[in-house]
Amino acid sequence: MKKKKTILDFYEMKKNKEQVTWVTAYDFPTATFAETAGIDMILVGDSLGMVVLGYEGTNPVTMADCISHCQAVRRGAHTWIVGDMPFMSYQVSNESAVENAGRFIKEAACDCIKLEGGIRVAPRIRAITDAGIPVIGHLGLTPQSSGQLGGFKAQGRDVKNARLVIEDALAVEQAGAYSLLLEAVPPELTKFIQEKLSIPVYSIGAGPADGQLMICGDLLGMFQAFTPKFVKKYADLARIETDAFKAYIDDVLTGRFPEDQHVYHITDSPEAFAALFEEYK
Ligand code: KIV
């Protein structure tokens, strides 16, 4: 098993220009597979709302949902695990933000938390780091504020908007976050921020950076309706699973399943069983 990475490793990897690999997982088996494959970090994202709970966005996801899925992932992996703070778990006050961040560490054995936003959540980042909890900032396309952004749209594509992302990135670092995730911003902006900040800067749909994140459902091909531009599919699980279910249904309907190899055989003689059945006739 690969040695678990720590914050010090992540800083060292940035210094040595070594890539960090990062993927989301929401359940025990996926966490196990990702760890066995050699992943560096696992995010239990609030994207679980869309990937596994069937919501249209991430905002309905609750602390209870996140904690329960983080616990399942922790049971499957000893890798560095990032708990994602759901909508309204950190926006209200520093106190409730620290309390909720603490739940990820105490109840689900996460290694750190991630939250969305820059200048406006800087006091929360400071309060959570002051409580001894490592924080990852998240800027660019921030799904929890997609309403304000006008939808799930790329950010920082013009100078005015890029300036806002830069100001937010500086605020995130200054508030004490140990790393930053940029989502759906142009690679030029990512490169500038990666070089400007001393903390690791990771990317999801933001071009090359100190490491890459992908949503497991995207890379495994679990969705048929929509694939974002920045996704590279490494499998077609939707097709594999649907074909498997079809084959099973067909086998049951045509009597090809179950076969002799799928049943438990009696351990007493057929005559003894015949006598038993006779008794109950
Ligand atoms: O919830 C999540 O998976 C995320 C990614 C989209 C970055 O926050």
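The values are calculated or read from the model by the stated rules, or taken from the named source; none is laboratory data. Just so it is clear, the structure is predicted and the values come from calculations on it, not from any experiment. Every residue, glycine among them, receives a Cβ derived from its backbone with ideal geometry; neighbour counts consider all protein chains shown. Just the protein is used for accessible areas: all its heavy atoms, side chains included, with ligands, DNA and RNA removed. Shrake-Rupley method; radii C 1.70, N 1.55, O 1.52, S 1.80 Å.
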Which number do you get for Rg(Cα) / (2.2 N^0.38 Å) in segment 1-126?
1.06
Between GLU167 and ILE249, the FRET efficiency computed from the C-beta separation at R0 = 41 Å comes out, to the nearest 0.05, as 0.15
Between PHE273 and SER93, what is 0.36 nm times their sequence separation minus the Cα-Cα distance? Round to one decimal in nm.
57.9 nm
As I understand it, the value is the acute angle between the Cα axis of helix 28-37 and the longest principal axis of the Cα atoms of the chain; what does it come to in degrees, rounded to 10?
70 degrees
Computed for segment 1-110: size of charge dipole around the Cα centre, +1 on C-beta of each Lys and Arg, -1 on C-beta of each Asp and Glu, debye to nearest 20, value 520 debye
Between ARG256 and ARG120, what is the label-to-label distance in nm when each label sits 7 Å out along the Cα-to-Cβ direction?
5.6 nm
Calculate how steeply helix 63-76 sits against the longest principal axis of the alpha-carbon atoms of the chain, using the helix alpha-carbon long axis, and give the answer as 0 to 90 degrees to the nearest 10.
70 degrees
Dividing the mean separation of Cα pairs under 8 Å (6+ apart) by the residue count of the chain yields a relative contact order in percent of 14 percent
Set of segment 46-88 residues, backbone N closer than 18 Å to the point 7 Å along the Cα-Cβ line of THR242
51-52, 54
Angle, helix 187-196 long axis vs. longest principal axis of the chain, Cα atoms, 0 to 90°, nearest 10?
60 degrees
Alpha-carbon Rg with Dmax, taken over the chain, Å
23.5, 87
Once you list every other residue whose beta carbon is under 13 Å from the beta carbon of SER146, what net charge do they have if Lys and Arg are +1 and Asp and Glu are -1?
-3
Per the helix-only calculation at 222 nm, which mean residue ellipticity applies to the chain, given -39500 (n - 2.57) for every DSSP H run of n ≥ 4 and division by its residues, nearest 500 deg cm²/dmol?
-13000 deg cm²/dmol
Which of the aspartates and glutamates could a cross-linker bridge to LYS17, judged by Cα under 18 Å and excluding same-chain residues fewer than eight apart?
ASP9, ASP40, GLU188, GLU195, ASP210
Using +1 at the Cβ of each Lys and Arg and -1 at the Cβ of each Asp and Glu in the chain, identify which of THR254, MET63, VAL92 lies farthest towards the dipole's positive end.
VAL92
Residues of segment 172-198 with backbone nitrogen within less than 17 Å of a virtual label 7 Å along the Cα-to-Cβ line of LYS232, please, listed as ranges.
184, 187
Measure off 7 Å from each Cα along the Cα-to-Cβ vector at VAL159 and LYS3, then give the distance between these two points in nanometres to one decimal.
4.8 nm
Charge dipole of the chain about the Cα centre (unit charges at C-beta), most positive-ward option of PRO134, CYS216, SER47
PRO134
Sorted peptide list for 236-249, 1-14, 117-130, 49-62, criterion being average Cβ within 10 angstrom, highest first:
117-130, 49-62, 1-14, 236-249
In Å², rounded to a whole number, the accessible area per residue of the chain with probe 1.4 Å is 54 Å²
Compute a Gaussian network model of the chain, connecting alpha carbons closer than 10 Å, and tell me which residue from ALA131, ALA109, ALA162 fluctuates the most.
ALA131
How compact is segment 182-281 by the rule of thumb for globular proteins, expressed as Cα Rg over 2.2 N^0.38 Å?
2.17
